[in-house]
Amino acid sequence: MWYVIQVKNGQENLTCQLIQTIITDDTLIECFFPQRERMRKIDGKWNVIKEKLFPGYVFIVTDNPERLFLQLKNVPKLTKLLGDNEGSFIPLKEKEVYFIQRWGGNDHVANISKVIIEKGNKVRILEGNLKDYEGEIIKVNLHKRIAVVRTTFMGSTTDVHMGIEILQKEE
């Protein structure tokens, strides 16, 4: 089962390291924070950079949520274990796990999608993580090389920013 922990933004890597040190191997399967690749212009050249897909959140995979919950109390820097309104620590839904696995793969990094911009700024995905999500793209920022996909995550509607590489722009 996958769980989400809210942490201070910028502390994701440190928190994962602490969790991997404190939580026992028989409890913790994996701790990570999903990232995305995107294009960024630096000194006039386009470069691939990595950014957090969900800033301020760390994901934990376990087969023993009760033991995990108890051991997490020993980890400093945790802000909030995400769950329901009654304080229960609840796992991500299958659809949400699939979403993160599909986009990030085993390394939890969403790669850049290659696109063509057709007349009227219509985006056509040639390859990449966005291939099956064309209809769910709500906005494209060509200047920042970002496509925004709206999805449901932890019971709320969330806009996820994904990197794109423009191979061609039709006038």
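Worth pointing out:
- Among Ile19, Ile112, Ile42, the residue with the largest mean-square fluctuation in a Gaussian network model of the chain, with springs joining Cα atoms closer than 10 Å, is Ile42.
- Environment charge at Met39 (Cβ cut-off 9 Å; Lys +1, Arg +1, Asp -1, Glu -1): +3
- Gain on full extension, evaluated as 0.36 nm per residue between Gln101 and Gln20 minus their Cα-Cα distance, stands at 27.1 nm.
- For q = 0.15 Å⁻¹, Debye-computed log10 I/I(0) when each Cα of the chain counts as one equal scatterer: -0.86
- Here's the list of lysines a cross-link from Lys41 could span, going by alpha-carbon distance under 17 Å and ignoring same-chain residues fewer than 8 apart: Lys50, Lys114, Lys144.
- Relative to the globular-protein estimate of 2.2 N^0.38 Å, the Cα radius of gyration of segment 84-171 stands at 1.25.
- Straight-distance crosslink candidates among lysines, where the alpha carbon sits under 17 Å from Lys119 and sequence neighbours closer than 8 are dropped: Lys139, Lys169
- Within segment 1-71, none of the GluC sites (Glu not before Pro) combine a DSSP coil assignment with at most 15 other C-beta atoms in a 10 angstrom radius.
- Within the accessible area of segment 37-171, the carbon and sulfur atoms contribute 45%, probe 1.4 Å, all protein chains present.
- Computed over the chain: relative contact order in percent, which uses C-alpha pairs under 8 Å that are six or more apart: 24
- Subtracting the Cα-Cα distance of Lys139 and Ile166 from 0.36 nm times their residue separation leaves 8.2 nm of extension gain.
- The helix-only estimate of mean residue ellipticity at 222 nm for the chain, built from DSSP H runs of length n ≥ 4 each weighted as -39500 (n - 2.57), is -5000 deg cm²/dmol after division by the residue total.
- Axis of helix 12-22 versus longest Cα principal axis of the chain: the two differ by about 30°, to the nearest ten degrees.
- Residue-normalised accessible area of segment 12-171, expressed per residue, 1.4 Å probe, Å²: 58
- Of all lysines in the structure, the ones whose alpha carbon falls short of 17 Å from that of Lys73, not counting any fewer than 8 places away in one chain, are Lys8.
- Rounded to the nearest 20, the size of the Cβ-charge dipole of the chain about its Cα centre is 780 debye, with Lys and Arg at +1 and Asp and Glu at -1.
The values are calculated or read from the model by the stated rules, or taken from the named source; none is laboratory data. Keep in mind the model is a prediction, meaning the values are calculated, not measured. FYI the Cβ positions are ideal-geometry reconstructions off the backbone, even for glycines, and counts take in every protein chain you see. Ligands, DNA and RNA are excluded from the accessible area calculation, which covers all protein heavy atoms including side chains. Shrake-Rupley method; radii C 1.70, N 1.55, O 1.52, S 1.80 Å.
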